[in-house]
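Only one structure is covered here, and it is reproduced in the block below.
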Amino acid sequence: MNVDKLMNNLEKKHPGEVEYLQAVREVVESIEEVYNDNPQFESANIIERLVEPDRIIAFKVPWIDDEGNVKVNLGYRVQFNNAIGPYKGGLRFHPSVNLSILKFLGFEQIFKNALTTLPMGGGKGGSDFDPKGKSNTEVMRFCQSFMLELWKHIGPETDVPAGDIGVGGREIGFLYGMYKKLRGDHTGVLTGKGSNWGGSLIRPEATGFGAIYFAQEMLATKKESLAGKTISISGFGNVAWGAALKATELGAKVVTISGPDGYVYDPEGISGRKIEYMLELRASNQDIVKPYSYEFEGVEFHEGKRPWEVKVDIALPCATQNELDGEDAKTLVKNGVMLVAEVSNMGCTPEAVEVFSNNRILFGPGKAVNAGGVATSGLEMTQNAMKLRWNSQEVDQRLHEIMCNIHGQCVKYGKKEDGYTDYVKGANIAGFLKVANSMLDMGVI
Ligand code: 2IT
């Protein structure tokens, strides 16, 4: 494999798909050496087969708003790779959604899912629908129309969607309701379901909890722990909430959350009732964090800014892709940050990752750090298949084990001679080897 040649070809085939090309470049650069050391990969042309999705399903989603206006959105499902299990990955509802973003997310999901050790392939989907400011009934009608198309392409052994940005418990409920009606059976085809109807305990918290377990493992390599550390978090959704909850429980102090409107700095720490308030903010459907600064004393609101200018020990991007750039990374390093872990998918730009690695900062990539979400989705599928339910302690314990195992895989494949672990390389190689070897076993299909 020649990385530049491969990337040039891909850029020609998919011009302008910047996020997708960024995600592919990162992986192929990481695996280049392993790939070229093992000629069986090249002779089966694994790389060209891996970087293109198996298929892309695209459809229109017409729906009627509360005033009776007919609206049309775009809907997609990118079924990327099912070498190790049914396609698995979330649905994102956000106005920024396009094919480049869903292809990057689906591509990342292949390796992330492989790292979990569970049998799940990679996929992603979503729509450019903007849930901001929509009523409950509008969201319901949209979800029902979306599922009217999607249901033909998914199933418990085929493709199992879940939530992502803009898709939480409420949306999964509406989507599942329509799926169940169309199929006429009650299968575990979506994850993140309500706990009364097949959902797993701990799934809502899992991405954030898993990320904190991973960060704990990273810190342990330096004989450090979370106790007494200050943390900046971006975002204020499910992922940020779970991370804030677990980090606080383990003795750290979370001092920021953010939204598209800016960030809030709470020097006292976001704990207790304040963490619950994050969920209320999300449920308000306004996509802003400013109200937090009216609700609690001693809080600063920084309009239009991102939280990376605050001096902290640990930074956790929990919002969206490329939300922390090279300049932000330099500021964090200057302020003495010791650990950065992407809880969002591809939260840091390549320039930011380079700054962290050049400064030997502990850096965890999203596909390892946030794998606890999809891992717990996998545990939900297991419980659905067995038609039983584990208690939260059991799910949490398995999640913890999975995250420690992922950390071990990253160290195994990413540790350098000077002792610094390149977690990006480690995660990419470990995930790649599992999928590539499975593809080799199954022949050219
Ligand atoms: O990015 C992700 O891993 C998710 N949004 C969760 C996917 C899932 O299937 O639970």
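Which whole-Hz ³J(HN,Hα) couplings does the range 85-101 yield from phi under the Karplus relation 6.51 cos²θ - 1.76 cosθ + 1.60, θ = phi - 60°, glycine and proline marked x?
x, x, 3, 8, x, x, 10, 10, 10, 7, x, 7, 4, 8, 5, 4, 5
Which value, in debye to the nearest 20, gives the size of the charge dipole of the range 1-137 about its Cα centre, when Lys and Arg are +1 and Asp and Glu are -1 at the Cβ?
Details: 16 positive and 19 negative charges, 110 e Å.
Value, rounded to 20: 540 debye.
Using a 7 Å offset from Cα along Cα-Cβ at T158, what residues in the range 178-216 end up with backbone N under 18 Å from the label point?
Counting backbone N atoms under 18 Å from the label point, the list is 178-191.
Could you give log10 I(q)/I(0) at q = 0.08, 0.10, 0.14 Å⁻¹ for the chain, computed by the Debye formula over C-alpha point scatterers of equal weight, without solvent?
Log10 I(q)/I(0), no solvent term: -0.42, -0.67, -1.38.
How many percent of DSSP beta bridges within the chain run antiparallel, rounded to 5? Intermediate results must be reported in sequence, preceding the final value.
Working: 27 of 48 bridges.
Antiparallel bridges: around 55 percent, rounded to the nearest 5.
Students often get this wrong, so check it: of K253/K416; K134/K305; K13/K330; K229/K305; K13/K181; K60/K88, which have C-alpha atoms separated by over 29 Å? Kindly include the intermediate steps, with their values, before the conclusion.
Details: K253/K416 31 Å; K134/K305 25 Å; K13/K330 34 Å; K229/K305 23 Å; K13/K181 40 Å; K60/K88 22 Å.
Among K253/K416; K134/K305; K13/K330; K229/K305; K13/K181; K60/K88, the Cα-Cα distance tops 29 Å for K253/K416; K13/K330; K13/K181.
With +1 on each Lys and Arg Cβ and -1 on each Asp and Glu Cβ, how big is the dipole of the chain about its Cα centre, in debye rounded to the nearest 20?
Values: 48 positive and 57 negative charges, 207 e Å.
That gives the chain a dipole magnitude of about 1000 debye.
Exposed loop chymotrypsin sites (Phe, Trp or Tyr not before Pro) only (DSSP loop, at most 15 other Cβ atoms within 10 Å): please give the longest stretch of the chain free of them, not including the sites. Working shown, then result.
On the way: sites that count: W197, F296, Y420.
Of all site-free stretches, the longest is 1-196.
Using the Cα centre of the range 162-226 as origin and beta-carbon charges of +1 (Lys, Arg) and -1 (Asp, Glu), tell me which of A211, L201, T221 is placed farthest towards the positive end of the dipole.
Going by the Cα projections, it comes out as L201.
Given charges of +1 on the Cβ of Lys and Arg and -1 on the Cβ of Asp and Glu, with all other atoms neutral, how large is the dipole of the range 91-177 about its Cα centre, in debye to the nearest 20?
On the way: 9 positive and 9 negative charges, 23 e Å.
So the magnitude is around 120 debye.
Return the FRET efficiency for the residue pair H186, Q286: r is the Cβ-Cβ distance, R0 is 22 Å, and the value is rounded to the nearest 0.05.
0.05
Obtain the nm distance between the two label points defined at N38 and T137 by a simple spin-label model: each point lies 7 Å from its Cα along the Cα-to-C-beta direction.
It works out to 5.6 nm between the two label points.
Taking 25 Å as R0, compute the FRET efficiency from the Cβ-Cβ separation of Y294 and L250 and round it to 0.05.
Details: r = 29 Å, r/R0 = 1.16.
It comes to 0.30.
Can you give the three extents of the C-alpha atoms in the range 1-103 along their principal axes, from longest to shortest, in whole Å?
For the range 1-103, the Cα extents along the three principal axes come out at 61, 30, 18 Å.
Describe numerically, in nm with one decimal, the distance between label points set 7 Å from Cα along Cα→Cβ at K334 and at E417.
Here the modelled spin labels are 3.4 nm apart.
Within a Cβ distance under 10 Å of T230, other residues only, what is the Lys/Arg minus Asp/Glu net charge?
On the way: positive: K229, K253, K311; negative: D313.
Summing Lys/Arg as +1 and Asp/Glu as -1 gives +2.
Would you give the gap between the C-alpha center of the range 138-216 and the C-alpha center of the range 325-340, rounded to a whole Å?
36
Under the Karplus relation 6.51 cos²θ - 1.76 cosθ + 1.60, θ = phi - 60°, what is the ordered set of whole-Hz ³J(HN,Hα) values for the range 427-434, x standing for Gly and Pro?
These are the phi-based 3J(HN,Hα) values: 5, 5, 5, 4, x, 4, 4, 5 Hz.
List the relative contact order of the chain as a percent without decimals, with contacts defined as Cα pairs under 8 Å and 6+ residues apart.
Values: 932 pairs, mean separation 67.5, N = 445.
Taking the mean separation of contacting Cα pairs over the length of the chain, I get 15 percent.
Per residue, how many Å² of accessible area does the range 288-410 show with a 1.4 Å probe?
Numbers: 5050 Å² over 123 residues.
Accessible surface, normalised per residue, equals 41 Å².
Determine the per residue accessible area of the range 130-229 with all protein chains present and a 1.4 angstrom probe, expressed in square angstrom. Walk me through the numbers on the way to the answer.
On the way: 3960 Å² over 100 residues.
I get 40 Å² per residue for the range 130-229.
Starting at the first residue of the range 233-242, write each ³J(HN,Hα) from the Karplus equation 6.51 cos²θ - 1.76 cosθ + 1.60 with θ = phi - 60°, in whole Hz, x for Gly and Pro.
10, 9, x, 8, x, 3, 5, 4, 4, x
I'd like the FRET efficiency for Q393 and K12, computed as 1/(1 + (r/R0)^6) with the beta carbon distance as r and R0 of 41 Å, rounded to 0.05. Walk me through the numbers before you get to the answer.
Working: r = 52 Å, r/R0 = 1.27.
Efficiency, rounded to the nearest 0.05: 0.20.
Which GluC sites (Glu not before Pro) in the range 351-445 pass both tests, a DSSP loop state and at most 15 other beta-carbon atoms within 10 Å? Walk me through the intermediate numbers first.
Details: sites: E351, E354, E380, E394, E401, E417; in loops: E417.
Qualifying residues, ordered by number: E417.
The values are calculated or read from the model by the stated rules, or taken from the named source; none is laboratory data. Given the structure is predicted, the values throughout are model-derived calculations rather than measurements. Here the Cβ is made from the backbone with ideal geometry for all residues, glycine too, and neighbour counts use every protein chain on show. These area figures cover heavy atoms from the full protein model, side chains too; ligands, DNA and RNA do not enter into them. Shrake-Rupley method; radii C 1.70, N 1.55, O 1.52, S 1.80 Å.
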